[in-house]
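Here's the structure, in structure tokens; my notes come after.
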Amino acid sequence: LRRAQAELVQAGKLSALGKMSAGISHELNQPLMAIRQFTSNAAAFLHRDAPDRAAENLARIDEMAHRMSRIIRNLRAFVRNENEPMGRVDIRAVVDAALDMMTERLRKDEITVDWTRPPQPVFVQGGEVRLGQVLVNLMTNAADAMRESPERRIAITVEHADGAPVRLSLRDTGPGIDEPDKIFDPFYTTKDVGGEGMGLGLSISYGLVQSFGGRITGSNTGSGAEFTIELDQWNDARESAA
Ligand SMILES: Nc1ncnc2c1ncn2[C@@H]1O[C@H](COP(=O)(O)OP(=O)(O)O)[C@@H](O)[C@H]1O
Ligand SMILES: [Mg+2]
């Protein structure tokens with residue numbers, strides 16, 4: 001059943017991708033046309049012995065190339081069939097690693113993180129790398145959302161009671177979610193297309209958490225957005241029986 005579900009998720013992603021391919025060609029075509037223009041400008045400035053102006057055009061070409069690779073990277077993450085093995089993962093270590101990866105961004109945007117780190121390991125079932133990717137997605141979204149907020153804070157907590165799923169929550173102090181029903185749809189975004197946002201982060205995250213047998217939800221708290229990931233506790237007995 002799980003396999004069938006995974007295939008459905010995959011099929012859904014592919015059909016969504018098919019529908020969007022026209023849009024994607026357009027996305028890639030725009031910077032490509034710009035690159036051709038900047039290239040001919042640069043050549044013209046070199047002929048006129050104006051290397052500074054030529055260099056400006058080369059810098060724009062570099063920018064456009066980065067934009068194109070960002071678009072392609074997003075798409076690859078979306079269609080990739082992950083084959084990282086599932087295993088016992090300490091959720092604290094995943095949060096630590098994601099925070100490390102986000103250090104630069106959090107510092108630049110002056111975002112404070114309140115990470116209520118449990119004193120003991122909290123073991124869940126999942127893929128460490130994929131779970132880290134989900135957290136980076138959530139933190140990036142929180143940072144994006146708080147760009148205009150006077151208070152910029154991310155609170156991270158872990159709840160774990162015996163027998164219940166582990167709940168990892170991220171709360172931010174941004175404006176909250178506009179349309180909570182749509183945020184997990186592929187290509188739903190309220191950000192400028194062509195910038196960082198392509199609307200794939202949460203739908204990828206949804207698929208990843210689902211592949212661990214868990215779930216992810218997003219809602220508004222009244223003072224920002226809150227995302228919660230629920231994952232089964234690691235169970236030695238069950239895993240060795242399986
Ligand atoms: N922390 C948040 N606060 C407010 N809105 C959010 C938050 N996280 C996600 N969203 C909304 O969900 C949309 C989809 O997010 P996502 O799938 O990551 O795509 P992207 O970040 O590329 O827009 C965002 O464009 C935004 O409108
Ligand atoms: Mg995102």
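Each reported figure results from applying straightforward, stated rules to the coordinates on display, with no laboratory input. Just so you know, these numbers come straight off a predicted model, no measurement behind them. A quick note on method: Cβ atoms are made from the backbone with ideal geometry, for glycine too, and the neighbour counts reach across all protein chains shown.
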Any GluC sites (Glu not before Pro) in segment 32-139 that lie in a DSSP loop and have at most 16 other Cβ atoms within 10 Å would be Glu82, Glu110
By the Cα gyration tensor axes a ≥ b ≥ c (a/c under 1.5 gives rounded; else a/b larger than b/c gives prolate, otherwise oblate), the shape of segment 124-242 is prolate
At the level of C-alpha centres, the distance separating segment 143-189 and segment 216-231, in angstrom, is 4
Relative contact order in percent for segment 87-241 (Cα pairs under 8 Å, 6+ apart) equals 25
With label points set 7 Å from each Cα along the Cα-to-Cβ direction at Glu151 and Gln120, the distance between them in nm comes to 3.3
